[in-house]
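**Student:** I'd like to ask you about the structure that follows.
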Amino acid sequence: MEKERIYLDYAATTPLDPQVLAAMLPCFGRVFGNPASLHAFGQEAGMAVEAARNKLAALLGAAPAEIVFTSGGTESDNFALKGVAYGNREKGDHLIVSAVEHHAVLESARFLEKEGFRITLLPVDGTGRVDPEDVRRAITEKTILISVMHANNEIGTLQPVAAIGAIARERGICFHTDAVQTFGHLPFTAADLNADLVSASAHKLYGPKGVGLLYIRKGTRLAPFLHGGEQEGRRRASTLNVPGIVGFAKAAELAAAELPGELERLTVLRDRFQRGVLERLAGVRLNGHPAERLPGHIHFSLSGIEAEGVLLGLDMQGIACATGSACSSTSMEASHVLSAIGLPREFLRGSLRFTLGRQTTEEEVDAALAALVQVVGRLRPRASR
Ligand SMILES: *Cc1c(COP(=O)(O)O)cnc(C)c1O
């Protein structure tokens, strides 16, 4: 029999929950109508979508009309930045984003810069946190958007988003937060974060890939990103992804029900893993904020070793982790997040991310640790083990 594989890369994506699959299946069969159609086929699909919208809105403390479905976190982030930029051009041309944002935000900002907008990149401290006072100082008369993520996907650091959102609101500036890593993992509403725009994605919370949402607070001005039909209150054209949306809502509902217990359980497992790494390996530097961080997220750097080699060594033993962020795993450049936190040179190439999730057990954590110690021992020169 094949040895059980161990998945410790939940920040990259999560397996679909069987209950989510069960909720989606009718939408691949009987409930196939176009939700925009007036006949009974369409209405049945439309009702499934609206029930899903109501559930997700309730979880975010939002009104159903404040939820727009998208094709995922990337589209939500693009929509937030480009939508606000093009929708508020007469008000100003300045956007503020943190240096550690996901590429979906950073590359949207870079695109807008080429289009003539001005971008301020906010620095972070050594733990990856933005100082809200830096946000205040960066604001100008022309600032139309501030975008700072809720939690970083690479190093797990939580940002002081409520404080940043409060500053934005005081100045009448729109505040967007990418909550893809936290929605369904931490308890919050859009109001808790003082956010006008919130991005979320289903596949990071045991839902299907290719579906996400953008919370758009009532009164927030956004230019449409996709042009075509009149779906989603004319804010986003295209026939709705009915199975995806139904699955997203089911996944979010399950995540919310499990949340308090999972938070506690994952924190204990993460601390166990972290302790093991510190006790059994030399030349380790933990990255990210020690307390203000995602519950199941461990990120560290090893001196004098290539993370790639460790990842492949672990993969040979059926254990999956990540080097830095999944998005940059094939590029040889140092990650923008690790550069932003000023990771010392000797650690830059030896960074590993282990992210735990719903299926993770204590036995898996211990097995992964033992394998890690063995692989590092094999790869490192004798003197620095
Ligand atoms: C995964 C991720 C995204 C992208 O979401 P997709 O649904 O994969 O497009 C955006 N932001 C963060 C923080 C993420 O972790």
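The values are calculated or read from the model by the stated rules, or taken from the named source; none is laboratory data. Not measured: the values here are computed from a predicted model. Cβ atoms come from the backbone with ideal geometry, glycine included; neighbour counts cover every protein chain shown.
**Student:** Does ASN194 meet the test of being at negative phi and not assigned by TED's automatic domain parsing to the domain that holds THR355? Give the derivation first.
**Tutor:** On the way: at negative phi: no; not assigned by TED's automatic domain parsing to the domain that holds THR355: yes.
No: the conditions fail for ASN194.
**Student:** Here's another thing I want to ask about it. Output the number of residues of segment 203-221 satisfying the condition of being closer than 13 Å to ARG53 by Cα and either within 9 Å of the ligand (Cβ to nearest atom) or surrounded by fewer than 17 Cβ atoms within 10 Å (Cβ to Cβ) (or both).
**Tutor:** 2
**Student:** Kindly indicate which of LEU269, LEU311 is more than 22 Å from GLY126 (Cβ to Cβ), assigned to a helix (DSSP H, G or I), modelled with pLDDT of 95 or more and out of contact with any helix residue (DSSP H, G or I) (no Cβ under 8 Å at 6 or more places or on another chain).
**Tutor:** Working: LEU269 fails: out of contact with any helix residue (DSSP H, G or I) (no Cβ under 8 Å at 6 or more places or on another chain).
Going through LEU269, LEU311 in turn, the sole match is LEU311.
**Student:** Got a sec? Which of ARG293, ARG285 is within 25 Å of LEU259 (Cβ to Cβ) and touching a Leu at 6+ places or on another chain (Cβ under 8 Å)?
**Tutor:** Values: ARG285 fails: within 25 Å of LEU259 (Cβ to Cβ).
Step by step, each of ARG293, ARG285 is checked, and only ARG293 is within 25 Å of LEU259 (Cβ to Cβ) and touching a Leu at 6+ places or on another chain (Cβ under 8 Å).
**Student:** Starting from residues that are more than 17 Å from PHE117 (Cβ to Cβ) and either of a type in the set (D, E, K, R) or modelled with pLDDT under 95 (or both), keep the ones in segment 141-183 and report whichever is surrounded by the most Cβ atoms within 10 Å (Cβ to Cβ).
**Tutor:** ASP178
**Student:** Ok, one more. Checking ASN152 against (1) in contact (Cβ under 8 Å) with a residue 60 or more places away in the chain; (2) in contact with a Lys or Arg (Cβ under 7 Å, 6 or more places away or on another chain), which single condition isn't satisfied?
**Tutor:** (2) is the only condition that ASN152 fails.
**Student:** Also, quick follow-up: Scan LEU226, LEU186, LEU197 and give me the residue that is within 16 Å of the ligand (Cβ to nearest atom), surrounded by fewer than 24 Cβ atoms within 10 Å (Cβ to Cβ), touching a residue at least 40 places away in the same chain (Cβ under 8 Å) and not acidic (Asp, Glu). Working first, answer last.
**Tutor:** Details: LEU226 fails: touching a residue at least 40 places away in the same chain (Cβ under 8 Å); LEU197 fails: surrounded by fewer than 24 Cβ atoms within 10 Å (Cβ to Cβ).
Of the residues listed, the single one that is within 16 Å of the ligand (Cβ to nearest atom), surrounded by fewer than 24 Cβ atoms within 10 Å (Cβ to Cβ), touching a residue at least 40 places away in the same chain (Cβ under 8 Å) and not acidic (Asp, Glu) is LEU186.
**Student:** In the set VAL31, VAL49, which member is among the β-branched types (Val, Ile, Thr), part of a loop (DSSP other than H, G, I, E, B), assigned by TED's automatic domain parsing to the domain that holds THR143 and over 30 Å from ARG137 (Cβ atoms)? Full working, then the answer.
**Tutor:** Values: VAL49 fails: part of a loop (DSSP other than H, G, I, E, B).
Going through VAL31, VAL49 in turn, the sole match is VAL31.
**Student:** Looking only at segment 1-43, which residues are among the basic types (Lys, Arg) and modelled with pLDDT of 95 or more?
**Tutor:** Applying the first criterion (among the basic types (Lys, Arg)) to segment 1-43 yields 3, 5, 30.
Result: ARG5, ARG30.
**Student:** In the list ALA138, ALA80, ALA85, which residue meets the criterion of being of a type outside the set (Val, Ile, Thr), buried (at least 24 other Cβ atoms within 10 Å of the Cβ) and away from the ligand (no atom under 16 Å from the Cβ)?
**Tutor:** Values: ALA138 fails: buried (at least 24 other Cβ atoms within 10 Å of the Cβ); ALA80 fails: away from the ligand (no atom under 16 Å from the Cβ).
Among ALA138, ALA80, ALA85, only ALA85 is of a type outside the set (Val, Ile, Thr), buried (at least 24 other Cβ atoms within 10 Å of the Cβ) and away from the ligand (no atom under 16 Å from the Cβ).
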